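Okay, so here's the structure we're looking at.
What follows draws every value from the coordinates through simple rules; no lab data is involved. The shown structure was predicted, so the numbers you read here are calculated from the model rather than taken from an experiment. Don't worry about glycine lacking a Cβ; one is built from the backbone with ideal geometry, like all the others, and counts go over all protein chains shown.
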Amino acid sequence: MPAKGVTGDKIVTPRARLSFAHIFRPDTQGQYADGKYKCDLLFNETDDTEYQYGELKEKVKQGVTRLKRSALKTAREAFGKELKLSDITHPFRVGDEKDGQEAYEGMSFITARSKYKPDIADEKLNRIADEADLKSGDYVRVSLVPFTYVQGKKRGVSFRLGNIQRLAVGEALGGGSGGSAEADFDEVTVTASELDETAAFDDVTDDSDGDIGL
């Protein structure tokens, strides 16, 4: 009888873009909250415009292949040597599944979770404790552990979230109003008289109705 739960060897991802990151505190709010630390990892295997050097794309493709082989090896230990990933539930998805998420277009991705908080470091292996220093949109590599599971009649393999290293800062994904301050505002020169806090309201006339409906 095949084993129901097998844990594989730790593996490190290739360069990935962080998305839907709940890595400083567990996800406890919203429709998909599960009380775990988790994140999506987006892999660009096709678009050369993201990379300065073409070989980086090949390294990402090779890294994703290693992830698939790791998951398959673990699944076969649990469910049989002739198994294919397509025979069970697995974590490898394509970005087109994420409707309305522009950052996912043309990407492949996985979701990794853990009940334990990941250790997070920067490029120089200095610890990152401030959420402002690592956000969705930044580029990372992540240690993962493949594991199998059985839920009723469903058999599957997934990845447990390990630790995270920031590789580069990227444009933020999600949250906020989007865009940049430079796109929304012009430069201004402030004189001493304009430092008066009431000056900004000098051209506001009184509304006799008094109620603006807010």
Under a cut-off of 28 Å between alpha-carbon atoms, report the lysines in cross-link reach of residue 154, not counting same-chain residues fewer than 8 places apart.
-> 4, 10, 36, 38, 68, 73, 81, 84, 98, 115, 117
Amide H proximity to residue 6 below 5 Å, modelled H, separation 5+ or other chain, gives 148
When the chain is fully extended, how far beyond the present Cα-Cα distance does residue 149 get from residue 130, taking 0.36 nm per residue of separation?
-> 3.5 nm
Would you mind classifying region 11-168 by shape? Square roots of the alpha carbon gyration tensor eigenvalues, ordered a ≥ b ≥ c; an a/c under 1.5 is rounded, otherwise it is prolate if a/b is larger than b/c and oblate if not.
-> oblate
By how many nm would the segment from residue 68 to residue 55 grow when fully extended, if each residue of separation counts as 0.36 nm and the alpha-carbon distance is taken off?
-> 2.7 nm
Report ³J(HN,Hα) in whole Hz for each residue of region 22-39, in order, from the Karplus equation J = 6.51 cos²θ - 1.76 cosθ + 1.60 where θ = phi - 60°; Gly and Pro get x.
-> 10, 10, 9, 8, x, 7, 10, 10, x, 4, 9, 5, 9, x, 10, 6, 6, 6
Assign unit charges at the C-beta atoms only (+1 for Lys and Arg, -1 for Asp and Glu), then state the dipole size of region 11-168 relative to its Cα centre in Debye, rounded to the nearest 20.
-> 1000 debye
Phi angles of region 112-122, converted by Karplus (6.51 cos²θ - 1.76 cosθ + 1.60, θ = phi - 60°) into ³J(HN,Hα) in whole Hz with x for Gly and Pro, give 10, 9, 7, 7, 9, 6, x, 7, 10, 9, 8
Quick one: length gained pulling residue 86 to residue 122 fully straight, 0.36 nm per residue minus the C-alpha distance?
-> 9.4 nm
Neighbour net charge for residue 80 - beta-carbon separation under 12 angstrom, K R +1, D E -1 = +1
When the charge dipole of region 11-168 is computed with +1 on Lys and Arg Cβ and -1 on Asp and Glu Cβ about the Cα centre, the Cα farthest towards its positive end, among 22, 95, 167, belongs to 22
